[in-house]
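Colleague: The following block contains the structure, expressed as structure tokens.
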Amino acid sequence: MITTQLRTPPRSSDNEERSVNISPTISVSLVVPVYNEAETVGLFLDRVDRVVADKPVVQLEVVFVNDGSSDATLDRLLEYQRRDSRLRVVDLSRNFGKEAALTTGMRIAKGQVVVPIDVDLQDPPELILEMIEQWREGYDVVLARRVVRDTDSWAKRLSAGWFYRVHNWIAEPVIPENVGDFRLMDRTVVEALNELPESRRFMKGLFAWVGFRTTFVDYVRPERAAGSTKFNSWRLWNFALEGLTSFSTFSLRIWTYLGSMMALASFLYASFIILRVLLFGVDTPGYASLLVTITFLGGLQLMGIGIIGEYLGRTYLEAKRRPVSLVRHIYEPKE
Ligand code: UDP
Ligand code: MG
């Protein structure tokens, strides 16, 4: 079931601008990061073809970003490109990760609207038509929102739930829950994203940060069409850390308050001991409490240093000002 829900209705002037003054054709860029996806590329293109087949108003451009695949993905893409002049293939010099691949693709895409989409058909291409409808209504961003996460394992659902809870508690802006990278963005939004200078890019956060008038279309996320997921638990954990540190300094600042509380508690405890000695005389037992206090504080301090390390490491890498990715070659279609 696919339903549509509207939020903050757009101004009518935008509405008129898009549906009346601009020609009915719309140029759409799909940005598709691919990493070892030789089995899925063909399935993906077939599905996309079926979606746009009888829609001459949609002028399609498909930007594949080959993220250092070690299988036959690039050969397949170039093979398809020989028959299909809508395909552009960006070949990165190695695997830079999905975030970098997406960023690079979005900088190269030319469409009036840009849609980042996974190649494994977990982001149903049919939804793009609904998104375009919403865009014509005057929205700048149309998010695809999963209504149920049945296809994810319980561990992934649980950890995702916690991630959103913690992130949205400590960070600004709020990331909408159950929304991935699959969305439609107006050119103005894409330009805004392309101008953000950081090289370590947590896309979900950046998408939320730029704002703009946003609405949702709901969908049920299907299983992967073929192949297997490229994100293991360790990669997801690091992805979550990236998210939490990208948009919040809460975990850096919390130590000031924790430290103050500990200092206050130890001051009170010291006063208590002094009073007790004055009233009842010298008393030395307390080995256990001493040891517990020392190890507890030691652990707490190491945690604090670790968190500073997380941020320092990221600042260090960002300070190098390296590009997000390196492009080996852009294969443009032959007209
Ligand atoms: N991907 C990529 N680089 C990577 C990992 C993944 O470009 O290092 C692409 C992958 O080919 C797919 C999309 O990102 O098109 C989503 O990956 P996947 O389906 O493995 O993630 P999941 O859906 O399991 O979160
Ligand atoms: Mg997938």
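Every read-out reported here was derived from the displayed coordinates using simple, explicitly stated rules and does not represent laboratory data. Please read these numbers as outputs of a predicted model, since none were measured by experiment. Backbone-built Cβ (ideal geometry, glycine too); neighbour counts: all protein chains shown.
Colleague: Label-point separation (nm) for residue 54 and residue 266, each offset 7 Å from Cα along Cα-to-Cβ?
Modeller: Distance between the two pseudo-spin positions: 7.6 nm.
Colleague: If you place +1 on the Cβ of every Lys and Arg, -1 on the Cβ of every Asp and Glu, and leave all else neutral, what size is the dipole of the chain about its Cα centre, to the nearest 20 Debye?
Modeller: Working: 40 positive and 41 negative charges, 159 e Å.
About 760 debye.
Colleague: Hey, can you grab everything whose amide H is under 5 Å from the amide H of residue 30? Only 5+ residues off in sequence or another chain; H modelled, so Pro and N-termini drop out.
Modeller: Hits under the 5 Å cutoff: 61, 62, 63, 115.
Colleague: Taking R0 as 35 Å, what's the FRET efficiency between residue 43 and residue 312 from their Cβ-Cβ distance, rounded to 0.05?
Modeller: The computed FRET efficiency comes out at 0.20.
Colleague: To the nearest 0.05, how large is the calculated FRET efficiency for residue 187 and residue 303 if R₀ is 51 Å and r is the Cβ-Cβ distance? Don't skip to the answer; put the middle values down first.
Modeller: On the way: r = 45 Å, r/R0 = 0.87.
So, using R0 = 51 Å, E works out to roughly 0.70.
Colleague: Treating only the Cβ of Lys, Arg, Asp and Glu as charged (+1, +1, -1, -1), what charge dipole size does region 173-255 show about its Cα centre? Round to the nearest 20 debye.
Modeller: Result for region 173-255 is approximately 200 debye, rounded to the nearest 20.
Colleague: Taking every alpha carbon pair in the chain, what does the distance histogram look like in 10 angstrom bins from 0, in percent?
Modeller: For the chain, the pair-distance distribution reads 5, 21, 29, 20, 10, 6, 5, 3, 1, 0.
Colleague: Modelling each spin label as a point 7 Å along the Cα-to-Cβ direction, I'd like the residue 275/residue 160 distance in nm, to one decimal.
Modeller: Going by the 7 Å Cα→Cβ label model, 5.4 nm.
Colleague: Relative to the longest principal Cα axis of the chain, at what angle does helix 38-52 sit, 0 to 90 degrees, rounded to 10?
Modeller: 60
Colleague: What FRET efficiency would be calculated for the residue pair residue 235, residue 133, taking the C-beta separation as r and a Förster radius of 30 Å, to the nearest 0.05?
Modeller: Working: r = 35 Å, r/R0 = 1.17.
Using R0 = 30 Å, I get an efficiency of 0.30.
Colleague: Specify the angular offset, from 0 to 90 degrees and rounded to the nearest 10, of the alpha carbon long axis of helix 233-246 from the longest principal axis of the alpha carbons in the chain.
Modeller: 80
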